[in-house]
Amino acid sequence: MPYVCMHCGKKVKAMDGGFVRCPACGYRALKKARPNLAREVSTD
């Protein structure tokens, strides 16, 4: 599952061994990447 670093914005793949750290900047906060899809909602 892809993740995104909250500091530098780099996309990171799931890490083996349970380590949560961005390989580019070393920041320890990652969030799940969400698809960029617009959804149509009815207002009736």
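The values are calculated or read from the model by the stated rules, or taken from the named source; none is laboratory data. What you are looking at is a predicted structure, and each value in this text was computed from that prediction instead of being measured. FYI the Cβ positions are ideal-geometry reconstructions off the backbone, even for glycines, and counts take in every protein chain you see.
The table below gives the values:
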| quantity | calculated |
| --- | --- |
| Single residue of the range 24-44 satisfying the filter (of a type in the set (Lys, Arg) and in a loop (DSSP other than H, G, I, E, B)) that is surrounded by the most Cβ atoms within 10 Å (Cβ to Cβ) | Arg28 |
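Rundown of residues vs (1) touching a Lys or Arg at 6+ places or on another chain (Cβ under 6 Å); (2) modelled with pLDDT under 90; (3) not small (Gly, Ala, Ser), yes/no style:
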{"position": "Val4", "(1), (2), (3)": "yes, no, yes"}
{"position": "Ala14", "(1), (2), (3)": "no, yes, no"}
{"position": "Gly17", "(1), (2), (3)": "no, yes, no"}
{"position": "Pro23", "(1), (2), (3)": "no, yes, yes"}
{"position": "Tyr27", "(1), (2), (3)": "no, no, yes"}
{"position": "Lys31", "(1), (2), (3)": "no, no, yes"}
{"position": "Asn36", "(1), (2), (3)": "no, yes, yes"}
